[in-house]
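Accompanying notes for the structure given below.
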Amino acid sequence: MAKQKGKFAMPPAMIIVSIFLLLIAILTWFVPTSVVVSNDDGTKEIVYNAKFDDEGNVVKDAGTAPAGLWQIVKAPITGFQKGSDVVFAILIAGSFLGLLNYTGALDAGIGALLRRFTGRKLLITLTLVFALMGTIFGTWEEIPVYAIAVVPLVVMAGYDVMTALAVLFVGATIGNMASVVNPFSTGAAISTIGNDALSLGSGMVLRFILFIAMFVLGTFFVLRYAERVKKDPTKSVLHGIDGIQTLADRKDSANMPQMTKARKWSLIIFIVMILLTVIGYIPWGEIHVGERTMYDIINAPQTILMEKVPFIGNLLGSTGFTNWGDWYFDEYSYVFLLGTIVVAFINRLKLDEFVKQVVSGARDLLGVTLVLGVAKGISVLMGSKTYGISVTFVYWIQNALQSVPAWAFVIACLLAYLAIGFFLQSTSSVAGITMTILGAVAGALFASNAMIGEIGGQVMLVSCFTVGINFMSGIYPGATTMGTLDLVKVPYDKYLSFMLKATIPLLILSALIISIAPYLHLI
């Protein structure tokens, strides 16, 4: 019997990142190292083909610094250690979301929305929910699960299956492209860049505007298509295709978990956690109120508490509280850890039950953290911000992009991430692979630009990354997309055609907003 040729399957993200690690190791044998030095006037300059000696002096014509087998094996371990803050943030977020799913709170919340809203309100509400889930914690792999509930409800409201898929995929794509506080894309990118002055609060206004603009445009497209199909079913892109599954016999809103008091309070805690996280990341120091800034005003309570009621201040830990506006991944983890404990208490979980679900939720995202560790290992081999082949690449790219306008930089970065996204959709992996070089390039390219600056250039880069890579995720035939399409028996070509019409305008709009962001003082 002749063997059937197997179809090509994209390797797992871990394998792809490991291949990049090996490629970088090979490059260290051929690409010379370079260093960054500070001049007397405080400006930074790249010295090509150089290294630092043991006393910190620059040695020119240094040549290469080849990575051997020991360095290659050690790199992912070192990378995991360096990324420990974001690793723990991802794991504790997974624990919390797993616990929220276990209690039925998330499903109950969606079920309550489905029972309350119909027609256009239903579509707008659901699109907003999935967009928020995408922009806050990168919802994507969970879509097939939600499809079982959403598809029949949208169909029973008089729309077609493609409308239901649009609510799910266009909504989540909008959220992920903006990634306002998404730790798996924006967070991973910022962590990999490694600039201490760059935080999740940097560029938050830009990302929020991106979210609003894309949500309005994307929802308009979904509603226009949905109303057209509702009036005339023959206008559906799926008209005439046999075997489409509406899942009407699988689940409806009546079969979703009921909104109990415990589930309601669990969702309230989740919302409060998100608000606290956003407040913590907002750069309050940049908002001026007279001769003061909002940083002084919003952080006044803990100062007053320690002065007036030191006992309560010490009891609450005010002396160790990170001021609003200075939050980073550690504070994100603190909030989610506290939220996990509070939700467990609200739902009266037994200790063994609580521990089991916390471990289970973290385990679901363990693969992401391991990939992130290997990805950060790439930056270990490439060097630091001041030494290594990463500086050499920055030197080459910086020379190629010398004096390039901001809009051209935005377009170039978007095109680069669209191309990368065709081969790799893991945002944390792509961040680890690219941000070490491009982050430094973006910083160096605009460091002397009074309007943009080093941080502004890196903020634009991060948004180009989240927009480009998540645009590709929305149209790429990955496991999430193909699994959901198989569930409802919708051909991929029909889905692709629809999604391109829905998301290309979002891509163009995003490019425009990011390009003009410096002129609108959004960065």
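Only the coordinates and a few stated rules stand behind these numbers; no lab work does. A quick note: this is a predicted structure, and the numbers were derived from the prediction, not measured. With ideal geometry, Cβ positions are generated from the backbone for all residues, glycine too; neighbour counts draw on all protein chains shown.
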Next on the checklist: Output wanted: per-residue J couplings in Hz (rounded whole) for the stretch 313-324, from phi through Karplus 6.51 cos²θ - 1.76 cosθ + 1.60, θ = phi - 60°, x for Gly and Pro.
Outcome noted: x, 5, 5, 7, x, 4, 5, x, 6, 6, 4, 4
Checklist outcome for this item: In whole Hz, the Karplus estimates of ³J(HN,Hα) for the stretch 456-468 (6.51, -1.76, 1.60; θ = phi - 60°; x where Gly or Pro) are x, x, 6, 5, 4, 4, 4, 5, 4, 4, 5, 5, x
Next on the checklist: Output the 0 to 90 degree angle, nearest 10, between the alpha-carbon long axis of helix 479-488 and the longest principal axis computed from the alpha carbons of the chain.
Outcome noted: 10
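Over the chain, what is the mean sequence separation of C-alpha contacts under 8 Å (at least six apart), divided by residue count, expressed as relative contact order in percent? Walk me through the numbers on the way to the answer.
On the way: 816 pairs, mean separation 132.4, N = 523.
After rounding, I find 25 percent.
Counting helices only, and only those DSSP H runs with n ≥ 4, report the 222 nm mean residue ellipticity of the chain as the sum of -39,500 (n - 2.57) divided by its residues, in deg cm²/dmol to the nearest 500.
Calculated from helices alone, the mean residue ellipticity at 222 nm is -21500 deg cm²/dmol.
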Next on the checklist: At a threshold of 8 angstrom on Cα-Cα distance, excluding pairs fewer than six apart, so keeping six or more, what relative contact order does the stretch 423-494 reach in percent?
Outcome noted: 25
Checklist outcome for this item: In whole angstrom, largest first, the equivalent ellipsoid semi-axes that the Cα gyration tensor gives for the stretch 381-523 are 32, 19, 10
Checklist entry - Tell me which aspartates and glutamates have Cα within less than 18 Å of Lys60's Cα, excluding those fewer than 8 residues away on the same chain? => result Glu45
Next on the checklist: I need the Debye-formula profile for the stretch 128-210: one equal scatterer per C-alpha, no solvent, reported as log10 I(q)/I(0) at q = 0.11, 0.23 1/Å, two decimals.
Outcome noted: -0.36, -0.98
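For the pairs Lys264/Lys356; Lys231/Lys501; Lys82/Lys350, note any where the Cα-Cα span goes beyond 32 Å.
On the way: Lys264/Lys356 23 Å; Lys231/Lys501 21 Å; Lys82/Lys350 35 Å.
Over 32 Å apart, Cα to Cα: Lys82/Lys350.
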Checklist outcome for this item: The set of residues whose placed amide H lies less than 5 Å from the amide H of Gly388, leaving out same-chain residues fewer than 5 positions away, is Ser34
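Sorting Arg207, Arg224, Arg120 on the 10 Å Cβ count, fewest up front, what's the list? If you can, show how the numbers build up before the last one.
Values: Arg207 27, Arg224 10, Arg120 15.
The order, fewest Cβ neighbours first, is Arg224, Arg120, Arg207.
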Next on the checklist: How long are the semi-axes of the equivalent ellipsoid of the stretch 453-503, taking √(5λ) for every eigenvalue λ of the Cα gyration tensor, in whole Å from largest down?
Outcome noted: 31, 11, 5
